[in-house]
1. Within the range 188-238, which residues are over 18 Å from Val261 (Cα atoms), surrounded by 14 or more Cβ atoms within 10 Å (Cβ to Cβ) and acidic (Asp, Glu)?
2. Cβ-Cβ below 6 Å, separation at least six or inter-chain, first residue in the range 150-168 and farther than 21 Å from Ala140 by Cα, second among the small types (Gly, Ala, Ser): which pairs?
3. Suppose the filter is touching a Gly at 6+ places or on another chain (Cβ under 8 Å) and part of a helix (DSSP H, G or I); does Met149 pass it?
4. Please go through (1) part of a loop (DSSP other than H, G, I, E, B); (2) surrounded by fewer than 21 Cβ atoms within 10 Å (Cβ to Cβ) for Gln253 and return the number of the only condition it doesn't satisfy.
5. So how many residues does the range 171-205 have that are part of a helix (DSSP H, G or I), farther than 20 Å from Lys224 by Cα and away from the ligand (no atom under 13 Å from the Cβ)?
6. Scanning for something more than 16 Å from the ligand (Cβ to nearest atom), modelled with pLDDT of 95 or more and of a type in the set (Phe, Trp, Tyr), does the range 110-121 turn up at least one residue?
7. Sort out which residues of the range 120-129 are touching a residue at least 40 places away in the same chain (Cβ under 8 Å) and assigned to a loop (DSSP other than H, G, I, E, B), and write them in order of number.
8. Within 14 Å of the ligand (Cβ to nearest atom) and more than 30 Å from Asn125 (Cα to Cα): does that describe Asp222?
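The values are calculated or read from the model by the stated rules, or taken from the named source; none is laboratory data. Just so it is clear, the model here is predicted, and its values are computed rather than measured. A quick note on method: Cβ atoms are made from the backbone with ideal geometry, for glycine too, and the neighbour counts reach across all protein chains shown.
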Amino acid sequence: MAKIIDGKAIAKKLRAVVKAQTEQLKQKGVIPGLVVILIGNDPASEIYVRNKERAAEKVGVNARTIKYPASATEAEVLAKIEALNQDEQVDAILVQSPMPAQFNSEVIQAAISPAKDVDGFHPLNIGKLFANRSGYYPVANTPRGIMTMLKHEGVALAGKNILVVGRSILVGRPMFALLERANATVTLAHRYTPIDTLKLLAQQADVVIVATGVVNLIQGSDLKAGAVVIDVGINRLADGKLVGDVDFSSASQVASAITPVPGGVGPMTIATLLQTTVELAGQHHDIEMEQ
Ligand code: NDP
């Protein structure tokens, strides 16, 4: 039976580190500021944003949400982003996805100052990540949180064979880059990967990371014995139950360690968002923080 990787517990430890860092900043007169822009009234987004605000408050980050109706124009949101880019009190800006159809998410992501790009979606930050540039720059919080989890669990990455399923800019692509940077051999699978190929790749992988939104895409019989499984998917079944992209009951019989859904990757994403916010504040004020 696999070890269950407790994302909630690891996120709690990370939040304690972040809280200690906000206290260091506070002593120097700096309170990290996070602004979330929420456009429209998608109920799931409203819950995510509220959770982000609450979690931010608890660690001493000053978070506020700016709401726009679904009828808002791209021009007015761009003008707001420009004002926030100039605002000294604001260290981190994010625009909650999904955005209404009249918005081009690429335009919005590129408008946020790279120095305040807490989601790591600005093309400059993505380019630095893929080019493995030195120095500090923000990286997407879900894959970064997964790296923290893997480190916490003592999972060796260098020289390992790792399969990432899903290639979104939110998860799969930056996950690929972070793992490659950690000297793993990484395969990136997607919708066009034939299912037989996917299963073959999974059977050879030491670590399998799945972020597709497809229920039961990976089963226990697809895995190599002792593989580490990170399930990013969040899917709500007809009966209201939340499940991932991996069939937990069969996979946990074969894997050496596996993340549950809920309680795995999800809590790490929010804690990492706060970590990145505080780091950006440190960067803006040229303050080096203890880890
Ligand atoms: P997207 O819909 O943006 O991307 C899904 C990816 O999965 C695409 O690259 C797609 O391929 C690929 N895919 C779809 N079907 C298959 C298939 N049958 N076989 C192989 N690959 C497939 O989703 P996100 O990356 O934003 O999110 C993925 C999942 O992770 C969702 O369930 C989401 O809710 C969850 N999530 C969870 C987070 C957390 O904190 N726990 C954070 C972010 C997301 P292609 O590119 O070819 O279309």
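1. Matches in the range 188-238: Asp206, Asp222.
2. Going by the 6 Å Cβ cut-off, the qualifying pairs are Lys160/Ala184; Asn161/Ala205.
3. The answer is yes for Met149.
4. Result: Gln253 fails condition (1) only.
5. 4
6. no
7. Gly120, Phe121 - these are the residues of the range 120-129 that are touching a residue at least 40 places away in the same chain (Cβ under 8 Å) and assigned to a loop (DSSP other than H, G, I, E, B).
8. So Asp222 fits the description; yes.
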